[in-house]
Amino acid sequence: MRERTGISRFFYPGLYSTMTARYFLMSLLLALACFSVQAQKVIPLYTGTIPNSRDVSDEESGNADRSILFKTSKPTLTIYLPEASQATGTAMVICPGGGYGALMMKMEGADMAQRLVKWGIAAFVLKYRLPSDRIMIDKSIGPLQDAQQAIKLVRMHAAEWHVDPAKIGIMGFSAGGHLASTAGTHYSQPLIDDKENISLRPDFMVLVYPVISFTDAIGHIGSRDNLLGKDPSAEQIRKFSNEQQVTPQTPPAFLVQAEDDSVVQVANSIQFYEALQRNKVGASLHIYTKGGHGFLKIPPRDVWMKDLKYWMRNNGWLPSK
């Protein structure tokens, strides 16, 4: 912090002493805040060669504070761990949204991770590769590979990170919700090296104003174009319309969306919920009258997250009290 009244040091020594004490206190608080940030660990998602990648330059970019990223090609996992004494054993892999053309790393990543850590949940923000023919051999599977690898890493390091390997969920926002629901419906088809035979199935899904379908009727066509290209086959559309991929083994899901969402039709959440119900998979659907896409104003996160906490407690992923 820069001292704005340096002259007071010589003409008002008492004031200077007070300011010095305040400066020290503020510096200490800042240092502690910085330590907290530094305590978050960022690790590469893969050691060695990234699967399904081309040997090209990294063109990742972002806005000034890196809260939004573009052209990501080097996937990472940012680890947020609660104090060991507060850890519940539950973990959440978080997939930010952005239409498969950007990643909302703060609002749908770091901000959510910090909230979950307060609940005793170990949170892992996934910076996944955004689909691109320039960086990938098959761009349609790149994000899913990264989601599968994230789940695998959390299970592999469960003891180290104080995580119960049977309590690992995946959370996704908007197109990140499509990725999370894809991870929850395509886990039996490994797209990564898994010689250890570690389960890639998330134990539960949290889908927030999610893209679920790629059908012409209700799908988010921008996300579909970015992931599959502008002329996908009928089989590709079916494969990545996750309301059509639900089985009795699909993990339970919590879904939340606003009725007035003008970006992603609320039918995405409704049809996925109905598919889960038909397959007797536990699910909780919350539709608010207003909130738009992103719940940027109403309802505040405290509202729907209260419902989320209640659901997680009822299912044993958080303590009952």
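The values are calculated or read from the model by the stated rules, or taken from the named source; none is laboratory data. Note that this is a predicted model, so its numbers are computed, not measured. Using ideal geometry, Cβ is built from the backbone for each residue, glycine included, and neighbour counts are taken over all protein chains shown.
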All positions within segment 83-103 that are over 20 Å from LYS41 (Cβ atoms) and buried (at least 21 other Cβ atoms within 10 Å of the Cβ): GLY97, GLY98, GLY99, TYR100
What tally of residues in segment 206-219 results from selecting those that are crowded, with 24+ Cβ neighbours inside 10 Å and more than 10 Å from ASN242 (Cβ to Cβ)? 3
Any residue in segment 139-150 that is in a loop (DSSP other than H, G, I, E, B), in contact (Cβ under 8 Å) with a residue 24 or more places away in the chain and hydrophobic (A, V, I, L, M, F, W, C)? yes
Search segment 190-201 for residues that are surrounded by 14 or more Cβ atoms within 10 Å (Cβ to Cβ) and at pLDDT 95 or above and pair each with any residue that is in a loop (DSSP other than H, G, I, E, B) and not aliphatic (A, V, I, L, M) when their beta-carbon atoms are under 7 Å apart and the residues are at least 6 apart or on different chains. ILE192/PRO51; LEU200/TYR187; LEU200/PRO190; LEU200/ASP194; ARG201/TYR187; ARG201/PRO251
Within segment 248-302, residues over 13 Å from GLY184 (Cβ atoms) and touching a helix residue (DSSP H, G or I) at 6+ places or on another chain (Cβ under 6 Å) come out as VAL256, GLN257, GLN271, SER284, LEU285, HIS286
Tell me whether segment 223-244 contains one or more residues that are in contact with a Lys or Arg (Cβ under 8 Å, 6 or more places away or on another chain), surrounded by 19 or more Cβ atoms within 10 Å (Cβ to Cβ) and more than 20 Å from PRO131 (Cα to Cα). no
Selection within segment 263-321 - part of a loop (DSSP other than H, G, I, E, B), hydrophobic (A, V, I, L, M, F, W, C) and either touching a residue at least 40 places away in the same chain (Cβ under 8 Å) or under 20 Å from SER181 (Cβ atoms) (or both): VAL263, VAL264, VAL266, VAL281, PHE295, TRP317, LEU318
